[in-house]
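**Student:** Have a look at this one before I ask anything.
The values are calculated or read from the model by the stated rules, or taken from the named source; none is laboratory data. Small disclaimer: the values here were computed from a predicted structure and weren't measured. Heads up, the Cβs are rebuilt from the backbone with ideal geometry, glycines too, and the neighbour counts pull from every protein chain shown. Surface areas here come from the heavy atoms of the whole protein model, side chains and all, with no ligands, DNA or RNA. Shrake-Rupley method; radii C 1.70, N 1.55, O 1.52, S 1.80 Å.
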Amino acid sequence: MGVLRVVSYYDFKTRLGGNEKLNQRKPVTPFGWEIKQKLIEKRMDQKTFCTTYHIPASRLSNLIHGTRKATRYRKQVSELLGIEE
């Protein structure tokens with residue numbers, strides 16, 4: 001009789017022929033590079049920025065990679081960092 005192996009969802013998706021896009025990163029958009037540059041100028045990392053200004057880290061990531069519009073947070077981040085749209 002064979003051995004029953006329990007695999008995680010991650011193992012299933014990555015090793016057993018699941019979704020190849022799981023490990024792919026989205027490129028940083030021009031707006032994302034501006035965000036990163038302004039954070040460097042302020043000597044602040046993304047996590048600290050998000051915590052300080054109550055912005056979900058996932059939304060900042062969405063803005064940097066362009067995976068979602070997040071217009072509310074885009075406006076807020078632009079104003080806080082002095083980025084012109």
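**Student:** Restricting attention to region 51-76, report how many residues are in a loop (DSSP other than H, G, I, E, B), modelled with pLDDT of 95 or more and hydrophobic (A, V, I, L, M, F, W, C).
**Tutor:** 1
**Student:** Among the listed residues Glu34, Glu84, Glu79, identify the single one that is open to solvent by 50 Å² or more (accessible area, probe 1.4 Å), of a type in the set (Asp, Glu), out of contact with any His (no Cβ under 9 Å at 6 or more places or on another chain) and part of a loop (DSSP other than H, G, I, E, B). Please lay out each step first, then the result.
**Tutor:** Working: Glu34 fails: part of a loop (DSSP other than H, G, I, E, B); Glu79 fails: part of a loop (DSSP other than H, G, I, E, B).
Going through Glu34, Glu84, Glu79 in turn, just one is open to solvent by 50 Å² or more (accessible area, probe 1.4 Å), of a type in the set (Asp, Glu), out of contact with any His (no Cβ under 9 Å at 6 or more places or on another chain) and part of a loop (DSSP other than H, G, I, E, B): Glu84.
**Student:** Can you pull out the residues in region 1-50 that are over 30 Å from Gln76 (Cβ atoms) and either in contact with an Asp or Glu (Cβ under 8 Å, 6 or more places away or on another chain) or modelled with pLDDT of 95 or more (or both)?
**Tutor:** Those that are over 30 Å from Gln76 (Cβ atoms) and either in contact with an Asp or Glu (Cβ under 8 Å, 6 or more places away or on another chain) or modelled with pLDDT of 95 or more (or both): none in region 1-50.
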